[in-house]
Amino acid sequence: MGEHRNATREFVCIRCPLGCNITVDMEDGKIREITGNTCPRGADYVTKELTDPRRTVTSLVRIEGGELPVAPVKTAADIPKDKIGDCIKALKGIRLAAPVRIGDVAAENVCGTGVDVVVTANVGKG
Amino acid sequence: MEKDLVIIGGGPAGLAAAIAAREAGVEDLLVLERDSRLGGILNQCIHNGFGLHTFKEELTGPEYAGRYIEKVLEQKIPYKLNTMVIDLEAEESRKKVTVMNREEGLYQIEARAVILAMGCRERARGALNIPGYRPAGIYSAGTAQRYVNMEGRMPGKEIVILGSGDIGLIMARRMTLEGAKVKLVAELQPYSGGLKRNIVQCLDDFGIPLKLSHTVVDIKGKERVESVTVARVDENLKPVPGSEEEIPCDTLLLSCGLLPENELSETLGVKMNPVTGGPEVDESLETSREGVFACGNVLHVHDLVDYVSQEAAQAGKNAAAYLSGSRSGQGRGIPIRAVQGVRYTVPSSVDVSRMEETQVVRFRVGNVFRNAAIEVSCGGKILKSQKKQILAPGEMEQVILKRAELEQIEDPEEITVSVRAESRGRD
Ligand SMILES: Cc1cc2nc3c(=O)[nH]c(=O)nc-3n(C[C@H](O)[C@H](O)[C@H](O)COP(=O)(O)OP(=O)(O)OC[C@H]3O[C@@H](n4cnc5c(N)ncnc54)[C@H](O)[C@@H]3O)c2cc1C
Ligand code: SF4
């Protein structure tokens, strides 16, 4: 980023599967114009990509006594991109007892991000 | 057993169709699902990105399915799990659905209307012409997804993926996060088969290389995969001698696209579309068999579940209208032809006297086009010209037909949907 303070940068918005091609015109290292986004979420996405890139993380936690051995989870909001690895590691240690339901909190404030990890499927007793 | 409406498949398509049919007044209906839970393929798609259009929030696959399952339970729509439809016949307007289930064995249901919502399966192409042994460690991407996400097992540690379909891309990220090393994604075509967003957030984010115009030409290993050899291909998709590179790995995932699951549609003898591999349907999503409707991935492979739900709701509503005999007079269906860069359209005909005010026509293009326009013409008139920065085979497109516009055309013979290209890209 630093080497082109006046530059045009291209992004593919990942906020929804439409995947708009977004162009950002930079002037003095600041955003001058954002074009190509179909909705405001796209502008928000590129602004964040340039300043504080974040991702929602999805993974699994182990379930004890369930109809399935694992349950899917997600971070309830996006977390800084450089925390993804730590977040996945933290989830490895988690074991929940069946049944679990969509929205149950699997881990609070994961890796100090202020974001909870929540269960995303109902898994009954096995 | 007799039913007004039988819905085959309890994935997002079947669920949305059932809910819409019930809302339109169909009391006597039944959803049949061969798996042990409702929700279809969404149960194994634990990543997020579903439902932004429908719910205005980003859900994971199981959460999206959960919303529909809740509605099905709320409305007390009957369904049977672990129940597989094994045969489908039609005699006049009666349909005979033969099902098998562990508790009740084999039996027949007579239905006045049927909605096909069986989804799709993975294509085996690409796997077929690789010479060499078939050691352990070769999986389809969808099978690997089920292993990892529903059974909590990893297929291997060092992985090469052939094919850049969405499942392969998503599994590349998934397995990287779980500690595996994904060394390469090789794609035979000069463009990716998956959504752009998945290339960004599944490959680019993790520095996983994607090699377009590359394929696997050899697999080494007796018991277990030890390495695969990839090579560049020319314009005719033939490997270029001398471009081979051997990559040590213990697992090869094949992600070569999806194909509608249509054995049943074929036994029923509905007219099929050779391009989509699904049935041909008119504007009401009715197949060539009266009272048999189709929606979701069984009709054509969708990338967006939101559109599956919309399409399926339409099928449910139309099946209800068929059952109550309230469909307005069947005039002449105008064929919709896919020409010049457009591979197919769904629906493939539209009856102006029967259509709603607007009709969505979905399609895919056959190549990458930049700065192109989608054109809809009828009776020598251009009805629509829609500019597009980029069109790619991996992304489904749509145009909207207006009844008022079509009514003004005298004796329309056909509607064509085409791409007018300004330039054509190869990446
Ligand atoms: C890996 C992957 C990633 C995806 N990512 C996204 C995404 O990020 N965002 C998005 O919006 N969409 C995504 N999609 C697309 C979306 O999930 C699908 O388009 C959608 O699930 C299709 O729904 P369906 O009901 O047509 O098929 P399915 O979900 O496949 O459901 C069909 C059901 O029919 C049942 N069935 C089949 N044959 C029979 C029979 N003979 N008897 C009884 N039952 C039968 C099957 O068991 C299954 O449950 C993704 C799809 C895949 C595969
Ligand atoms: S800009 Fe809006 S419509 Fe386009 S990909 Fe981003 S979220 Fe989707």
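The values are calculated or read from the model by the stated rules, or taken from the named source; none is laboratory data. Worth saying up front: this structure is predicted, and the values here are computed from it rather than measured. Cβ atoms come from the backbone with ideal geometry, glycine included; neighbour counts cover every protein chain shown. Just so you know, the surface numbers come from the protein's heavy atoms only, side chains and all, with ligands and any DNA or RNA stripped out. Shrake-Rupley method; radii C 1.70, N 1.55, O 1.52, S 1.80 Å.
Could the peptides B:4-11, B:348-355 be put in order, highest first, of the mean number of other beta-carbon atoms found within 10 Å of their residues?
On the way: B:4-11: 26.9, B:348-355: 19.0.
Ranked from most to least packed, the peptides come out as B:4-11, B:348-355.
If each Cα of the protein assembly as shown is one equal point scatterer, what is log10 of I(q)/I(0) from the Debye formula at q = 0.06 Å⁻¹? Treating every Cα as an identical point scatterer, log10 I(q)/I(0) equals -0.31.
In order along the stretch B:58-64, the Karplus-derived 3J(HN,Hα) couplings, from 6.51 cos²θ - 1.76 cosθ + 1.60 at θ = phi - 60°, round to 9, 9, 8, x, x, 5, 4 Hz, and Gly and Pro are given as x. Cross-link partners of residue B:384 among lysines, defined as those whose alpha carbon lies under 19 angstrom from its own and excluding same-chain residues fewer than eight positions apart: B:402.
If you wrap the stretch B:223-324's Cα atoms in a convex hull and average its projection over all directions, what's the area in nm²? Please list the in-between numbers first.
Values: hull surface 41.7 nm².
Mean shadow area of the hull around the Cα atoms is 10.4 nm².
In straight-distance terms, cross-link reach from residue B:56 covers every one of the aspartates and glutamates whose alpha-carbon lies under 15 Å from its own, apart from those fewer than eight places away in the same chain; here that gives B:306.
Checking the table A:92/B:80; B:211/B:271; B:95/B:271; B:183/B:220; B:76/B:317; B:317/B:381 against a 27 Å threshold on Cα-Cα, which pairs fail? Provide the component values of the computation, followed by the final result.
Working: A:92/B:80 35 Å; B:211/B:271 38 Å; B:95/B:271 16 Å; B:183/B:220 16 Å; B:76/B:317 18 Å; B:317/B:381 32 Å.
Table pairs above 27 Å Cα-Cα are A:92/B:80; B:211/B:271; B:317/B:381.
Scattering from the stretch B:277-422 was approximated by placing one identical point on each alpha carbon and applying the Debye formula without solvent; log10 I(q)/I(0) at 0.11, 0.12, 0.13 1/Å stands at -0.40, -0.48, -0.57. Cβ-Cβ distance of residue A:125 and residue A:23, R₀ of 56 Å, FRET efficiency by 1/(1 + (r/R0)^6): the value works out to about 0.60. Of all aspartates and glutamates in the structure, those lying under 18 Å Cα to Cα from residue A:83, and not within fewer than 8 positions of it along the same chain, are A:49, A:52, A:108, A:116, B:178, B:204, B:205.
For peptide B:147-154, what's the mean number of Cβ atoms from other chains within 10 Å of each residue's Cβ? Before the final figure, lay out each step's value.
On the way: counts 0, 3, 7, 8, 3, 8, 2, 0.
Per-residue shielding by partner chains comes out at 4.
In this structure, the amide hydrogen of residue B:121, modeled 1.01 Å from its nitrogen in the peptide plane, lies closer than 5 angstrom to those of B:259, B:261, counting only residues at least 5 positions away or on a different chain. What the phi angles of the stretch B:387-394 give under the Karplus curve with 6.51, -1.76 and 1.60, with θ = phi - 60°, is a coupling list of 6, 9, 4, 8, 10, 9, x, x Hz, glycine and proline written as x. Among B:402, A:81, A:89, B:3, the sequence by solvent-accessible area, most first, with a 1.4 Å probe is A:89, B:402, A:81, B:3. Database remark: amide H of residue A:57 closer than 5 angstrom to the amide H of A:75, A:79 (H placed geometrically; neighbours at sequence offset of 5 or more, or on other chains; Pro and chain starts carry no H). A probe of 1.4 angstrom, applied to the heavy atoms of all protein chains, finds residue B:55 with accessible area near 60 square angstrom.
Inside 10 Å of the C-beta atoms of B:44-53, what's the mean count of C-beta atoms belonging to other chains?
Details: counts 1, 2, 10, 7, 8, 6, 2, 1, 6, 3.
Average neighbour count from other chains, rounded to a whole number: 5.
In the context of the full protein assembly, residue B:238 retains an accessible surface of approximately 120 Å², using a probe radius of 1.4 Å and ignoring ligands and nucleic acids.
Hey, with R₀ at 25 Å, roughly what FRET efficiency would residue B:407 and residue B:339 work out to, going by the Cβ-Cβ distance, to 0.05? Write down the numbers at each step before the final one.
Numbers: r = 23 Å, r/R0 = 0.93.
The computed FRET efficiency comes out at 0.60.
Over the stretch A:1-76, the reciprocal of the mean inverse Cα-Cα separation, the Kirkwood hydrodynamic radius, stands at 14.6 Å. Calculated mean residue ellipticity at 222 nm for the protein assembly as shown: -5500 deg cm²/dmol, from DSSP H runs with n ≥ 4 weighted as -39500 (n - 2.57), summed, divided by the residue count and rounded to 500.
Look at where the Cα atoms of the stretch B:42-87 and of the stretch B:391-408 average out, and the two centres are 28 Å apart. Per residue, the accessible area of the stretch A:6-51 comes to 52 Å², computed with a 1.4 Å probe over protein heavy atoms only.
Ranking A:111, A:20, B:295 by solvent-accessible area of protein heavy atoms (1.4 Å probe, all protein chains present), from largest to smallest, gives A:111, A:20, B:295. Just for chain A, what percent of DSSP beta bridges are antiparallel, to the closest 5? The antiparallel proportion sits near 90 percent.
For the stretch A:58-119, the share of alpha carbon pairs falling in successive 10 Å distance bins from zero is 23, 58, 17, 2 percent.
Hey, what's the stretch A:58-119 come to in accessible area per residue, 1.4 Å probe, Å²?
Values: 2840 Å² over 62 residues.
Value for the stretch A:58-119: 46 Å² per residue.
Under 5 Å from the amide H of residue B:344 lie the amide H atoms of B:364, each residue being 5 or more positions distant or on a separate chain, with H modelled from the backbone and absent for Pro and chain starts.
Phi angles across the stretch B:217-232 convert, under the Karplus curve 6.51 cos²θ - 1.76 cosθ + 1.60 with θ = phi - 60°, into 3J(HN,Hα) values of 10, 7, 10, 10, x, 9, 7, 10, 4, 10, 6, 10, 10, 10, 9, 6 Hz, Gly and Pro given as x.
Normalised by 2.2 N^0.38 Å, where N is the number of residues, the C-alpha radius of gyration of chain B stands at 1.02.
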